[in-house]
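Here is the structure we will look at.
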Amino acid sequence: MSMTSLARFAALAVALVLCPALRAVTFNYDFTGSPNPGSVGNSLIFTPVAGGPTITATAWYLDTAGTLRQAALGIYANGLSVCSLGQICTNPNETDNSVYREFILLESSTLIDPFTVRLYDGGSSSDTDATYWLGGFNGQTQALNLTGATVAGLSALGFGSRNNDPGTDLCSGCFRSASLTPTGTGVTKLLFGAALTGDNNDSFLFTSLGANSVPEPSSILLFATAACGFLTILKRSRRSANGSHNP
């Protein structure tokens, strides 16, 4: 192999290692902050400390008719919470299912692959059973309005099947991590809340989210094109080398 081909191979290898679009990058979102109960229909935007796609969070609850309505999204020292109709949104309010089933919708500006959430239980006798849906598999944009939608109608809004994450009885002031099923292809939406079915003593604050990046199709295509070009050059180089040794 010629020195030119070796140099091109080295450049290609370095590009693969250093290009963030072609390797998984972990994003950690911290949802804690100064106490603020929020207001109905508000939203909060978060960015990973090390940089990455932004996430917009909104609050929702299922009313007595089983349809989703906007709620107030509160932020506290240990994370996000939902304050639905008739609740007094004081610290430390939590996302729960004691009266209404409450959920937080997280929407990423680009495709990510969420793999874990961290929850905080501020109650003394509550569970942390959770229910969640992943959505936006085709990279749908933010600002999704769930008003009037039902659980059965979430599929029409781009969400996959429902997932249940059984929690445990936690002491007051305890944290736990819940593992999410990775998609590999990425999503832009996560609807996460207290358990949809079962008892009604589940409550928690949403403390943080861990997610991996998803390579952009354009970046993969660009790399594949470069790799094919390199292979072509390598084959030509070998042919030339073989030809130069023929008598």
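Below, the figures for the structure above:
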quantity: Among the residues listed as Ser155, Ser177, the single one being in a helix (DSSP H, G or I) and either modelled with pLDDT of 90 or more or not assigned by TED's automatic domain parsing to the domain that holds Ser84 (or both); calculated: Ser155
quantity: Residue in region 102-109 that is in contact with a Leu (Cβ under 7 Å, 6 or more places away or on another chain) and in a loop (DSSP other than H, G, I, E, B) present; calculated: no
quantity: Search result, residues across region 23-47 that are within 13 Å of the chain's Cα centre (by Cα) and in a strand (DSSP E or B); calculated: Thr26, Phe27, Asn28, Tyr29, Asp30, Phe46
quantity: Selected residue (criterion: modelled with the lowest pLDDT) from residues of region 15-48 that are among the aliphatic types (A, V, I, L, M) and surrounded by 15 or more Cβ atoms within 10 Å (Cβ to Cβ); calculated: Leu22
quantity: Tabulated pairs, region 169-183, first farther than 20 Å from Phe31 by Cα, second surrounded by 11 or more Cβ atoms within 10 Å (Cβ to Cβ) and of a type in the set (A, V, I, L, M), C-beta under 7 angstrom, 6+ apart or interchain; calculated: Thr183/Leu134
quantity: Out of Thr141, Thr150, sole residue that is in the same structural domain as Ala59 (by TED's automatic domain parsing), within 14 Å of Lys189 (Cα to Cα) and β-branched (Val, Ile, Thr); calculated: Thr141
quantity: Residue match in region 221-231 (condition: in the same structural domain as Gln142 (by TED's automatic domain parsing), at pLDDT below 90 and either not β-branched (Val, Ile, Thr) or not in a helix (DSSP H, G or I) (or both)); calculated: no
quantity: Every residue from region 116-152 that is among the polar types (S, T, N, Q) and either modelled with pLDDT of 95 or more or buried (at least 20 other Cβ atoms within 10 Å of the Cβ) (or both); calculated: Thr116, Ser126, Thr128, Thr131, Asn145, Thr147, Thr150
quantity: Inter-residue pairs, beta-carbon under 6 Å, first more than 16 Å from Ala194 (Cα to Cα) and in region 75-89, second buried (at least 23 other Cβ atoms within 10 Å of the Cβ) and at pLDDT below 90, 6+ apart; calculated: none
quantity: Within region 48-79, considering residues that are closer than 25 Å to Gly173 by Cα and β-branched (Val, Ile, Thr), the one farthest from the chain's Cα centre (by Cα); calculated: Ile75
quantity: Matching residues, region 88-100, being surrounded by 24 or more Cβ atoms within 10 Å (Cβ to Cβ), part of a loop (DSSP other than H, G, I, E, B) and not polar (S, T, N, Q); calculated: Glu94
quantity: Members of region 62-100 found to be touching a Gly at 6+ places or on another chain (Cβ under 7 Å) and either over 23 Å from Thr188 (Cβ atoms) or hydroxyl-bearing (Ser, Thr, Tyr) (or both), listed by number; calculated: Thr67, Ala72, Gly74, Asn78, Ser81, Cys83, Cys89, Pro92, Asn93, Glu94, Thr95
quantity: Identity of the residue in region 49-63, more than 17 Å from Gly193 (Cα to Cα) and not small (Gly, Ala, Ser), that ends up surrounded by the most Cβ atoms within 10 Å (Cβ to Cβ); calculated: Pro53
quantity: Which listed residue, of Thr90, Thr4, is touching a helix residue (DSSP H, G or I) at 6+ places or on another chain (Cβ under 9 Å), of a type in the set (Val, Ile, Thr) and modelled with pLDDT under 95; calculated: Thr4
quantity: Top-ranked residue of region 101-115 - restricted to ones that are closer than 25 Å to Cys83 by Cβ and not aliphatic (A, V, I, L, M), ranked as surrounded by the most Cβ atoms within 10 Å (Cβ to Cβ); calculated: Phe103
quantity: Matching option when the condition is at pLDDT 95 or above, assigned by TED's automatic domain parsing to the domain that holds Gly136 and not acidic (Asp, Glu), among Gly51, Gly66; calculated: Gly66
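The values are calculated or read from the model by the stated rules, or taken from the named source; none is laboratory data. Treat the numbers as computed from the prediction; the structure is a model and nothing was measured. Cβ: placed from backbone, ideal geometry, glycine included. Neighbour counts: every protein chain shown.
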